[in-house]
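> This is the structure I want to talk about, given as structure tokens.
The values are calculated or read from the model by the stated rules, or taken from the named source; none is laboratory data. Note that the coordinates shown come from a computational prediction; the quantities given were computed from them, not determined experimentally. Every residue, glycine as well, gets a Cβ built from its backbone with ideal geometry; the counts of neighbours run over all protein chains shown. Please note that ligands, DNA and RNA were not included when accessible areas were found on the heavy atoms of the full protein model with its side chains. Shrake-Rupley method; radii C 1.70, N 1.55, O 1.52, S 1.80 Å.
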Amino acid sequence: MSERSFVMIKPDGVAAGLTGEIISRIERRGLQITALTKTVMVQVAAEEHYAEHRERPFFGELVEFIVSGPVVMMRVEGQGAIGALRTMMGPTDPQVAPPGTIRGDFALDVGQNVIHGSDGPESAERELALHFGG
Ligand code: IDP
Ligand code: MG
């Protein structure tokens, strides 16, 4: 079944020059990028994006990091896109992310783990509405 996901290359990934590599992996997997923009996210959008983590001790640091530089935001569509992208990203903590995953290949720190991808259909629709208006 075709799904839509919201994917974001975080400021560390953009700064490390990984935009092309990550877009290439998504395309080569057979997924469609149907919207794409490079921008510096405003504070309120970052807070809303990570609203589920508002009470976590790392929330302030997380929002500060996300607005610290340009990000590349995408709407990605295709069969099982949400799960396929989460598998390609690897686990949240790059220390346990296997080689071959984006986080396992390009990150070391849980706070700077290169990429975001929606964790389910509801968060995907919420995030796409927030950042792309749908
Ligand atoms: P996810 O990005 O794999 O979906 P979430 O649990 O939704 O992971 O957490 C959102 C983001 O918050 C993570 O990608 C990571 O950058 C950051 N984060 C999660 N846990 C920690 C932590 O324990 N310390 C610092 N940052 C964290
Ligand atoms: Mg998440």
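> Pop the C-beta distance of Leu108 and Thr34 into the FRET formula with R0 = 30 Å and round what comes out to the nearest 0.05. Display every interim value, and only then the final one.
Values: r = 32 Å, r/R0 = 1.05.
My answer for the efficiency is 0.40.
> How high is the relative contact order of the chain? Use alpha-carbon pairs under 8 Å, at least six apart in sequence, and give a whole percent. Present the calculation step by step, with values, prior to reporting the outcome.
Numbers: 233 pairs, mean separation 49.9, N = 134.
Computed value for the chain: 37 percent relative contact order.
> One quarter of the convex hull surface, Cα atoms only: what value does that give for region 1-71 in nm²?
Numbers: hull surface 22.8 nm².
Mean projected area for region 1-71: 5.7 nm², to one decimal.
> How large is the dipole of region 1-76 about the Cα centre if only Lys and Arg carry +1 and Asp and Glu carry -1, each at its Cβ, rounded to the nearest 20 debye? Please list the in-between numbers first.
Values: 9 positive and 10 negative charges, 79 e Å.
Taking the Cα centre of region 1-76 as origin, the dipole is about 380 debye.
> Carbon and sulfur together cover what percent of the accessible area of the chain at a 1.4 Å probe radius? Could you put the intermediate results ahead of the total?
Values: 3480 of 6740 Å².
Whole-percent figure for carbon plus sulfur exposure: 52.
> Another question about this same structure. Running a GNM on the chain with Cα contacts under 10 Å, which residue among Ala97, Ala16, Ala45 ends up with the highest mean-square fluctuation?
Among Ala97, Ala16, Ala45, the largest GNM mean-square fluctuation belongs to Ala16.
> If you don't mind, another one. Exposed loop trypsin sites (Lys or Arg not before Pro) only (DSSP loop, at most 16 other Cβ atoms within 10 Å): please give the longest stretch of the chain free of them, not including the sites. All intermediate terms of the calculation are to be shown ahead of the outcome.
Working: sites that count: Arg29, Arg54.
The longest such stretch corresponds to 55-134.
> With 19 Å as the cut-off, how large is the P(r) tail for region 52-134, expressed as percent of Cα-Cα pairs?
On the way: 1557 of 3403 pairs.
Taking all Cα-Cα pairs of region 52-134, the fraction more than 19 Å apart is 46 percent.
> Taking the dipole about the Cα centre of the chain, with the C-beta of Lys and Arg at +1 and of Asp and Glu at -1, give me whichever of Thr101, Ala129, Val40 is farthest to the positive side.
Highest projection toward the positive end goes to Thr101.
> In Å², and per residue, what accessible area does the chain have when probed at 1.4 Å with the other protein chains present? Can you show the working numbers first?
On the way: 6740 Å² over 134 residues.
About 50 Å² of surface per residue is accessible.
> If you don't mind, another one. With a Förster radius of 25 Å, plug the Cβ-Cβ distance of Ala129 and Arg56 into 1/(1 + (r/R0)^6) and report the FRET value to the nearest 0.05. Display every interim value, and only then the final one.
Working: r = 23 Å, r/R0 = 0.92.
For Ala129 and Arg56, the calculated efficiency is 0.60.
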